[in-house]
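A short write-up of the structure that comes next.
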Amino acid sequence: MPSAPPPQPGILEIALYQGGASKVAGVRDVLKLSSNENPAGPPPSAVEAAAGALRTMHLYPPTDHASLRAAIAEAHGLDPERVICGVGSDEVITFLCQAFAGPGDEVLHTEHGFLMYPISARAAGATPVAAPERARRADVDALLDACTERTRLVFLANPNNPTGTMLGGQDVVRLADGLPEGCLLVLDGAYAEYVEDFDGGLKLAETRENVVVTRTFSKIYGLGGMRVGWGYGPRAVIDVLNRVRGPFNLSTPALAAAEAAVRDEAFLRRTRADNAANRTALQAGLDALGIAFDPSEANFVLARLESAEAAEAADSFLQSRGVIVRRVAAYGLPEGLRITVGDAEGVARVLDALAAFRAERAA
C-alpha cells in the first residue's frame, strides 16, 4: 500500500502550541487567568452586531472586508487600502512568514517572544532565530547583531507576551532604521491598546517601507472567540499578503462584531482604565508577598518565583483553589507564572491563593 509523503522540512520541528487551560479536575468554581482574556467580556454592541449577522449566515461573507477595514482606518487615522484582516493576528503573522520567508531564510524574534513566531517560521520552511533579551526586555543592539543576510522578518511584540515589558518609541525607530535591506520589521501590537497614548507603531508604518504592524480584537475588545485580527503596512506588502489570504477567511458575524467593537470607544476607554487599576492592585499584592515581577504594560503580569520548582508548586496550589494561571517554561521562563489581570474580585482571589501558598511553604 502506498505511503503518505513526508511533511515539508521544519514541520516536525514545531512544538504544538498549547492554549491556556480552562478546567481543573474536581473543581467547579474556576477562575481562568491563563489566556489574557478580557474579564468584562465583549462589548454589548459587538454581541448585538454578531447576533444580527446570524440572519445572513446562508450567504458568503465579503471577500474584501471593506466595511471593517474602513472602520479600523477611521478609528486609527489610517489608509484603509493598507489594512489587511485575518483570523486573529496569528493568521497575519502566518501570511508574513508564508509570503516573505522560506527555506534558507531566517526569522528573528526576541528570546522570550510569542511562540507563534517560531511556529510560523518553521511552517514556512524558514529558520527561527532568537536574540537575547536584557532582563526580560527586548535589546535593540542584540536584535541588530543577530541579523544576517538571510534575515527576512524581525518580530517584536510591544508590549511583549509573556513578559509585559516594552520598548520605547525611539528604540523601535532605531531598530527599524538599522535593519538590513530586504528585511521587514513586524510590530506585534496585540496588547497595544492597554498602553495609554500609544499607537503600537502605526505612525512608523506610515513612514517606513520596512515596517508592518499587527493587531488583534482578541484582547482589549474581548472577541477571542471570534478570531479577528488585522495588519497595517506598505501597500506593496499588503498586496502580497492578500494574494495568499483565503477569500472567505472571516465569517459575517466575526466581521460585524469586530466593526462594532472598533467603533465602541467608550468600551475601549473603560476597559483600559479598569485594567490599569486592577493591574496596579495585582502588582502591589505581588510586591507585598515578596514575589518578583517586571512592571507590566499589558493585561497580565509575569510573576517570577524563586525557582522552577516553586513555580510548579505554586501553579498546582492555585489550581487546587480553582485559579488557573499560565506556566511559561516554553518561553524560557521556567520560574514564571503569567497571571491575567482579572476584575477586582479575581485579583483578590489570586492574591489570597498566593498568600495561602506562601504561608503553607513557610510552615
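With of a type in the set (Lys, Arg), surrounded by fewer than 19 Cβ atoms within 10 Å (Cβ to Cβ) and over 25 Å from Ala303 (Cα atoms) as the only criterion, which of Arg122, Arg134, Arg208 stands out? Lay out the reasoning, then the answer.
Numbers: Arg122 fails: surrounded by fewer than 19 Cβ atoms within 10 Å (Cβ to Cβ); Arg134 fails: over 25 Å from Ala303 (Cα atoms).
After applying the criteria, what remains is Arg208.
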Contact list please: Cβ distance under 6 Å, first residue in segment 114-126 and over 15 Å from Asn160 (Cβ atoms), second residue part of a helix (DSSP H, G or I) and among the polar types (S, T, N, Q), pairs at least six apart or on different chains. Ser120/Thr94; Ala124/Gln98
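How many residues does segment 281-295 hold that are among the charged types (D, E, K, R) and in contact (Cβ under 8 Å) with a residue 12 or more places away in the chain? Explain how you work it out, then say what you get.
Filtering segment 281-295 for residues among the charged types (D, E, K, R) gives 287, 294.
Among the residues that remain, those that are also in contact (Cβ under 8 Å) with a residue 12 or more places away in the chain are: 294.
Total satisfying the criteria: 1.
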Please enumerate the residues belonging to segment 286-314 that are assigned to a helix (DSSP H, G or I) and within 17 Å of Gly342 (Cα to Cα). Leu286
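Is it true that some residue in segment 213-225 is out of contact with any Leu (no Cβ under 8 Å at 6 or more places or on another chain) and hydrophobic (A, V, I, L, M, F, W, C)?
First, pick out the residues of segment 213-225 that are out of contact with any Leu (no Cβ under 8 Å at 6 or more places or on another chain): 215-216, 218-219, 222-225.
Then drop every residue that is not hydrophobic (A, V, I, L, M, F, W, C), which leaves 223.
Within segment 213-225, one or more residues are out of contact with any Leu (no Cβ under 8 Å at 6 or more places or on another chain) and hydrophobic (A, V, I, L, M, F, W, C).
Could you look through segment 296-307, keep only residues that are free of Cβ contacts under 8 Å to residues at least 60 places away in the same chain and under 24 Å from the mean Cα position of the chain (by Cα), and pick out the one that is nearest to Ser35 (Cα to Cα)?
Within segment 296-307, the subset free of Cβ contacts under 8 Å to residues at least 60 places away in the same chain is 303-307.
Pick out the ones that are also under 24 Å from the mean Cα position of the chain (by Cα) and you get 303-305.
Details: Ala303: 15, Arg304: 18, Leu305: 20 Å.
Among those that are free of Cβ contacts under 8 Å to residues at least 60 places away in the same chain and under 24 Å from the mean Cα position of the chain (by Cα), it is Ala303.
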Name the residue, out of Arg215, Arg208, that is closer than 22 Å to Leu33 by Cα and of a type in the set (D, E, K, R). Arg215
Options Gly104, Gly113; residue that is assigned by TED's automatic domain parsing to the domain that holds Glu206, closer than 30 Å to Leu12 by Cβ and surrounded by fewer than 16 Cβ atoms within 10 Å (Cβ to Cβ): Gly104
What number of residues within segment 241-257 satisfy the criterion of being crowded, with 17+ Cβ neighbours inside 10 Å and not in a loop (DSSP other than H, G, I, E, B)? 7
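Only one of these is in contact with a Gly (Cβ under 6 Å, 6 or more places away or on another chain), of a type in the set (Gly, Ala, Ser) and surrounded by 15 or more Cβ atoms within 10 Å (Cβ to Cβ): Gly233, Gly222, Gly285, Gly322. Name it. Break it down stepwise before answering.
On the way: Gly233 fails: in contact with a Gly (Cβ under 6 Å, 6 or more places away or on another chain); Gly285 fails: in contact with a Gly (Cβ under 6 Å, 6 or more places away or on another chain); Gly322 fails: in contact with a Gly (Cβ under 6 Å, 6 or more places away or on another chain).
Gly222 is the lone residue from the list that is in contact with a Gly (Cβ under 6 Å, 6 or more places away or on another chain), of a type in the set (Gly, Ala, Ser) and surrounded by 15 or more Cβ atoms within 10 Å (Cβ to Cβ).
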Say whether the condition of being touching a Gly at 6+ places or on another chain (Cβ under 7 Å) and either among the polar types (S, T, N, Q) or surrounded by fewer than 17 Cβ atoms within 10 Å (Cβ to Cβ) (or both) is met by at least one residue in segment 41-52. yes
Out of all the residues in segment 329-363, which are touching a Ser or Thr at 6+ places or on another chain (Cβ under 9 Å), closer than 24 Å to Ile119 by Cβ and assigned to a loop (DSSP other than H, G, I, E, B)? Leu333, Pro334, Glu335
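If you scan segment 260-273, which residues turn out to be over 14 Å from Gly229 (Cβ atoms) and part of a helix (DSSP H, G or I)? Working first, answer last.
As a first pass, look at segment 260-273 and keep what is over 14 Å from Gly229 (Cβ atoms): 260, 263-273.
Result: Ala260, Arg263, Glu265, Ala266, Phe267, Leu268, Arg269, Arg270, Thr271, Arg272, Ala273.
The values are calculated or read from the model by the stated rules, or taken from the named source; none is laboratory data. Keep in mind it's a predicted model, so treat the numbers as computed, not measured. No Cβ is skipped: glycine too gets one built from the backbone with ideal geometry, and neighbour counts run over all protein chains shown.
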